[in-house]
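Just so it is clear, none of the values below were taken in a lab; they were calculated from the coordinates. All of these numbers come straight from a predicted model, not from anything done at the bench. Glycine gets a Cβ as well: all are built from the backbone with ideal geometry, and neighbour counts include every protein chain shown.
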Amino acid sequence: MTMCEKTSHACTICGEESLVPARWFLVTENRWEDKLQILPWDDRLADRAGVHRACSSTHVQELVVHWMATGSLDYPFARAESWSSPARRWSDLWAPRPDVDMRGMRPIGELCVHRESMRRVLTENPGSLKAILEALNGALQPPADPEGGREAVA
């Protein structure tokens, strides 16, 4: 690939593609620690194994809910690039993968759960997760401009 060529990136949830996804998010997990991190867009990380791309805060939330419910970020019904490959198998979902090297990256948010407690919460009172999602939504909004309004989205 030459310096002028750009890679198209696909959202894990909807499959929307973009050459310049500046307002997108990256989501990665550490399965051993039941930890999820949400990061601002970074071209260096976007194509690494285990990094999921989300084109909007709504799709980040959808990934988070899926992760809380299943314990995995792998979204089996997504139309993203990994499912278009004929070599993709269901066993690939649980194949070990290295942790993503995020040195120098500042996460927007991080969730860490006790998996057994999460199952109980989801069963007994799934509405209690609303507070988590509201806090996440607030963190994903663009920063306010100095004049008091929201940052304009290009």
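Observations on the structure shown:
- Under-5 Å amide H pairs with E16, H placed in peptide plane, nonlocal only: C11
- Chymotrypsin sites (Phe, Trp or Tyr not before Pro) within the stretch 34-79, DSSP loop, no more than 14 other Cβ atoms inside 10 Å: F77
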